[in-house]
1. List pairs: first in region B:105-118 and assigned to a loop (DSSP other than H, G, I, E, B), second of a type in the set (Asp, Glu), Cβ under 8 Å, 6+ apart or cross-chain?
2. Conditions first: (1) more than 22 Å from A:Val181 (Cβ to Cβ); (2) in contact with a Phe, Trp or Tyr (Cβ under 8 Å, 6 or more places away or on another chain). A:His158 passes all but one, so which condition is the exception?
3. Filter region A:494-533 for residues that are touching a residue at least 12 places away in the same chain (Cβ under 8 Å), farther than 14 Å from A:Phe579 by Cβ and hydroxyl-bearing (Ser, Thr, Tyr) and give the result.
4. Could you check region B:50-64 and list, in sequence order, the residues that are within 17 Å of B:Val101 (Cβ to Cβ) and facing chain A (nearest Cβ under 8 Å)?
5. Can you go through A:Glu459, A:Glu361 and tell me which one is within 21 Å of A:Leu335 (Cα to Cα), free of Cβ contacts under 8 Å to residues at least 60 places away in the same chain and among the acidic types (Asp, Glu)?
6. Here are some conditions: (1) within 14 Å of chain A (Cβ to nearest Cβ); (2) of a type outside the set (Lys, Arg); (3) in contact with a Lys or Arg (Cβ under 7 Å, 6 or more places away or on another chain). B:Thr86 meets all but one. Which one does it not meet?
7. State all residues of region A:512-549 that are of a type in the set (S, T, N, Q) and either over 18 Å from A:Arg575 (Cβ atoms) or surrounded by fewer than 18 Cβ atoms within 10 Å (Cβ to Cβ) (or both); if no residue qualifies, say none.
8. Applying the selection to region B:8-30, what residues are of a type in the set (Lys, Arg) and farther than 17 Å from B:Tyr72 by Cα?
Amino acid sequence: MADLNEQSSSNSDTAQMRQIRQLVLGEDGLHVRQTLKDNARELVGEVFTEALHDRETQDGSVNKVLLPIVEKSVEKSIATNSDRFVSYLYPLIGSLVRKSVTAFITELLEKTNTLIENSLTIKGLTWRFKAWQSGVTFSQYAASQTFAFRVEQVFLIHRETGLLLNSVSLGLELEADADMVSSMLTAINDFVSDSFNTNTGKVEQNLDVVRTDDFTLLLKKGPKASVVAAITGNMPQGVANQLQTTLEEIHKLYDKELDKFDGDSIPFNNSEHQLRDCLMTVLKPEHDSSKKPWMAWTVVLLILLGCGFLLVKRWNSHELMNQVRLIDNAPGILLTSIETSGLEQIQLEVLRDPASVSIQEWLELNGIDSNLVIFKERAYLSLDPLLIKHKTEKIIADYPNVKVDWVGDFPKFSGNVTNLDKLLLQGELTKLIGLNFQTNWLDDLIIEGTESTASDDPELVRAILDLNIAKIDRVSIAFEAGQSDLSEQAIEKLISVKQQFNNLIEVAEQQELSLGLIIMGASDTVGTVSFNKILSQKRADNVKLKLQELGIADSRLNAIGLGVIELETAKDAARKVMFNVVYFEGG
Amino acid sequence: MIQKKICLLGATGVGKTSLVKQYVEGIFSEKYLTSIGVKIDKKQVETENQTVQLMIWDIEGIDRYCGFQAKYLRGASAFIIVTDHTRSQSLVEGLDILKMVKEVADIPGVLAVNKVDLPASWHWSETELAEIKQGFVQFFNTSAKTGDGVEPMFTHIAKVLTA
């Protein structure tokens, strides 16, 4: 009972309090509201700035709300009062234009510079090649290499209809047809949600991340709208957080608009500011360039040094070779082969006339280290005019009173000599192959002593005899192949031989010498041995017969068939008849 | 610019995709229809006072053995049911679809009688057809081959949606 009383009294207290409150505050706090309303301007004015500041520092939402309003007012103001704005801005325009042109040029220069750097450096070329290889444009590849990650595009999508409310992008060519993409994404999400729905819970399944080789699509779903970001590179968690924050902000700011959405996306135009916060970009850290590959550099350096050494050696040996090659110009030396041997040596093969300068000597004369030259020489007889001159001069060195002057390749001898010396000199010069001695070359020599003493001197007579014998010995009669008939030339030669021989008979008899002429026939290697033997005999016989006809006694002539002259060097010259004058004491 | 989502529905083989192919702007291949059951195209339609962008959800052919992906209808402002007047069955299935749509959404629907370039060979009487048309806000005779009726149909939908 007491309890009941207590309860009813407390109830009446509450009712009373309510009554008092109503009296003081008015119905639904009407008095308070009225009082506040009366002083609203004053009250808000007192804290307005501070409140704005506090809220801005707290979440930055003031700026985002004010920005579109201010932008719109300015836009409207300019549209309605453009003249006034022109007059305000007129003085500023000039400097603005100048500034912008300067900025443009600076930017252009920097861009060109970067372009050149990217195009001409090894890195740039590598990127270009790799971009070509993977089938993307250079700028795309460069972006993928430069940025650790980059949010390329952000969509704001109405949850219910899948219609695009707004989108922002970095303005690259990747920008897809945003409205169709957002609808399709919604469809895909519905598909996934339905296809993989677990029966256990009523929670709707949603796509969160879609990854491809190049792209990551990050989807954040709110109750009324979704935010989707297309990202290249490795996406860090920070992007997802930013998307979440943006989505929450949009829900807060556009709550009513989202509810009332009827396909008109204009109210969401200002959401661009929130969406732009999601376009995040982070550059890749540069590779540590201070780390240099020393080992590799050392190897490269060693290889370069080795190559340099080899090049120098090769160059030296090339130079040496050019120097040694000049040996070919030396009279009586014929270069047959020259080549490098090993790193720096030269291998040389030459033909050398024994009368010419020796290889060793030549090398020393030309200041060439003979250790560097390996040579092999073979002897040969040189007809080099220079060497012939040299040989001639060597001969006359034995005759101190004789001097030689050269008219072109022909010598002219002068000076004083005895008759004997003249004959001896004539004999030696006649034997010198390649000189083609002519007797008139000696016409300028002045003979010392008298003719009579000369003819009495048996040694002198013998020398003259020898000289004339040598003349006959040098004569040969040539024949056609397989023939033994004498030509006209041959007969002329035989006439001359007959005269010389008959002259000699006289001189020989004075000296009590008996003179004979051996006629030797020969043939070349064509045909059988027996045929050639007969042919050579026939040739000798014919010559003998002719000489007999011309008037040389048969007793002084002896014809011999030599058969074949088996000398490779002889060839056609083997078809001939040769002479040999012989004499015996007591004729 | 106003955007509206509309859905294109109908039995398999009535020519939904062909009907809009020449008419719309699309970036997705028809493969999507068989893989996820929907393909999205868009079409801008000029009405008297404004431009309307229709996002057309072309939904895979529906038949009695194949479920109806109701979720694709979510947020749609209108729908089109396409039938083929050379096949009676296509209208039966169209009516089934209409019933299913009405269960999940209260939005205007349009009936498209397709393939009118061919002679009609379905067994529906004019009275029956007139009754069926009551369930729709409008009906159109269309041909994917000649393009007849397609443009007027979308323009009508745009008008209805912006009225």
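1. B:Lys115/B:Asp84; B:Val116/B:Asp148; B:Asp117/B:Asp148
2. Of everything listed in (1) more than 22 Å from A:Val181 (Cβ to Cβ); (2) in contact with a Phe, Trp or Tyr (Cβ under 8 Å, 6 or more places away or on another chain), A:His158 misses just condition (1).
3. Listed by number, the residues that qualify are A:Ser514, A:Ser523, A:Thr525.
4. Across region B:50-64, the qualifying residue is only B:Trp57.
5. A:Glu361
6. (1)
7. A:Ser514, A:Thr525, A:Thr528, A:Ser530, A:Gln548, listed by residue number.
8. B:Lys21
The values are calculated or read from the model by the stated rules, or taken from the named source; none is laboratory data. Given the structure is predicted, the values throughout are model-derived calculations rather than measurements. FYI the Cβ positions are ideal-geometry reconstructions off the backbone, even for glycines, and counts take in every protein chain you see.
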